[in-house]
1. Across region 243-269, which residue is surrounded by the most Cβ atoms within 10 Å (Cβ to Cβ) among those that are of a type in the set (D, E, K, R) and modelled with pLDDT of 90 or more?
2. Among the strands (runs of 3 or more DSSP E) confined wholly to region 219-297, which include 3 or more residues that are within 23 Å of the chain's Cα centre (by Cα)?
3. So which residues in region 21-50 are open to solvent by 20 Å² or more (accessible area, probe 1.4 Å), touching a residue at least 12 places away in the same chain (Cβ under 8 Å) and part of a helix (DSSP H, G or I)?
4. State which residue pairs qualify: first residue on the phi > 0 side of the Ramachandran plot and inside region 202-222, second residue outside any loop (DSSP other than H, G, I, E, B) and not aliphatic (A, V, I, L, M) in any location, beta carbons under 6 Å apart, and separation of 6 or more residues or different chains.
5. Is at least one residue of region 185-196 farther than 26 Å from Pro131 by Cα, in contact (Cβ under 8 Å) with a residue 24 or more places away in the chain and open to solvent by 40 Å² or more (accessible area, probe 1.4 Å)?
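The values are calculated or read from the model by the stated rules, or taken from the named source; none is laboratory data. All values reported here derive from a predicted model rather than from experimental measurement. Note: ideal-geometry Cβ built from the backbone for every residue, glycine included; neighbour counts use all protein chains shown. When the accessible area is computed, the model is the full protein with side chains, heavy atoms only, and any ligands, DNA or RNA have been set aside. Shrake-Rupley method; radii C 1.70, N 1.55, O 1.52, S 1.80 Å.
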Amino acid sequence: MSAVTEVFSRIIELSKQLHEKADWWFYEINEPVSRVEISKHEYENDIVLPEAFRECLTVSNGFMVDHCSTVGYLELDKLTCARHVTSKRQCIGWIRGCCLYYDHQNGDFFIERERYKYDLINDFCQEVLIPAEEYLKKQLAASERKYELLEKQKDNPYREYYDIVVSFMNKGNEANIAPPVSEEEIAEWEKTNNILLPESYKNWLLLANGMFFDGWDLYSLDEVAEKADTWYEEYEGEKYVFLASLTGCCDFLIGSVTTGKALELSEEYEISDGEDSLEYNLDFKIDSYRERFDISD
């Protein structure tokens, strides 16, 4: 067994363990394909796949874990004939919130860490699979202590909203809620990254360190740290990092790195006070979700 198939197999096993310990984790695997089937697909579509990608396909033809873009797609049928694709680069999956692209002209893989900026992937195993494996290990450990941390948050101002979204998820509605972090971990993160976080956002982290619900996306601490240097806004001489997508479009909660002040940034680039943004937008999301899917209180 090659290093690629070993790591990819471990990723699938970690995903199964996560789902067993915390059923809010979604994962999906498909039947593998044979080398013969892969060669046939390459011939029919006039493409040549990197060997590492072929090896993944022999473990599972397509794979996805969680609704927060840990890793997904990696499916043979996503790679179609280059003649049918308007751009030479085709999105074939994602890793930790960043899209993966396949170049039909030379068979290379790229990762889009910033919009329209593509970095060549030199080692698919080291740059794509191993980071996903490490992230899943971390999430598995966090899931095991989830209930202990939540027990301390009965008086959290957002606990009622959290419980409502959990109830939606338990009824089979699409949502993904990551395990919480502790106050000590938040303080250590702020010190390490030299970023002060708004109190509203920190209260949510004590319930869920990352949460996706109906287009409402609360970013995890890891996601905020990863993008802090490349994805931010300057306002009145201060740097603001992105903390949450409030509507599923281009309305965001942002926070000053020096003061922790919360602002709301609209799609029209209008700035407003963000102190109550999480509460206001969650009220709206929950009410509209109940109405659309006829869910009673």
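1. So the first thing to find is which residues in region 243-269 are of a type in the set (D, E, K, R), and the list is 251, 261, 264, 267-268.
Keeping just the survivors that are modelled with pLDDT of 90 or more gives 261, 264.
Working: Lys261: 17, Glu264: 21.
Checking each candidate, the answer is Glu264.
2. Values: elements: 232-235, 238-245, 252-256, 262-265, 271-273.
Fully inside region 219-297 and qualifying: 238-245, 252-256, 262-265.
3. Hits for region 21-50 are Lys21, Arg35, Glu37, His41, Glu44, Asn45.
4. From region 202-222, the pairs are Asp214/Lys285; Asp214/Tyr289.
5. If we filter region 185-196 for residues that are farther than 26 Å from Pro131 by Cα, which is where we start, we get 196.
Okay, now just the ones that are also in contact (Cβ under 8 Å) with a residue 24 or more places away in the chain, so 196.
Those left that are additionally open to solvent by 40 Å² or more (accessible area, probe 1.4 Å): 196.
Checking region 185-196: at least one residue is farther than 26 Å from Pro131 by Cα, in contact (Cβ under 8 Å) with a residue 24 or more places away in the chain and open to solvent by 40 Å² or more (accessible area, probe 1.4 Å).
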